[in-house]
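What follows is a single structure, written as structure tokens, with notes after it.
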Amino acid sequence: MSEWQALAAGFAFYLILEGIMPFFNPGGFKRMLAASQFLSEGQLRSFGAVMLILGLILLFSLK
């Protein structure tokens, strides 16, 4: 598998994971989005940073 194919496969897997919650539980997904508007930008940024770091750790642990 070439590097571009691996990148495309990773992106496809990301889209699959992102679609699971709204497909199987659309009501819960809407409630989660509505609740997120009450979080501060700092809280959202911290959550994003944690997810980014966990993703990088997972990615580099696969090599």
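Each value in this text was obtained by applying a stated rule to the coordinates, not by laboratory testing. Not measured: the values here are computed from a predicted model.
Using just its DSSP H runs of length 4 or more, each adding -39500 (n - 2.57), the chain gives a mean residue ellipticity at 222 nm of -29000 deg cm²/dmol after division by all residues.
Calculate the all-directions average of the projected area of the chain's alpha-carbon convex hull, and give it in nm². Convex hull of Cα atoms, orientation-averaged projection: 5.6 nm². Here the Karplus curve 6.51 cos²θ - 1.76 cosθ + 1.60, taken at θ = phi - 60°, turns the phi angles of the stretch 47-53 into couplings of 4, x, 5, 4, 5, 4, 5 Hz, with x standing for Gly and Pro. Computed from Cα positions, the angle between helix 26-36 and the longest principal axis of the chain comes to roughly 70 degrees.
Largest mean-square fluctuation among 21, 32, 51, in a Gaussian network model of the chain whose springs join Cα atoms under 10 Å apart, belongs to 51. If the chain linking residue 8 and residue 39 were pulled fully straight, counting 0.36 nm for each residue of separation and taking away their Cα-Cα distance, it would gain 7.9 nm.
Mind checking which of 15, 44, 33 has the largest fluctuation in a GNM of the chain, springs on alpha carbons under 10 Å? Highest fluctuation of the listed residues: 15.
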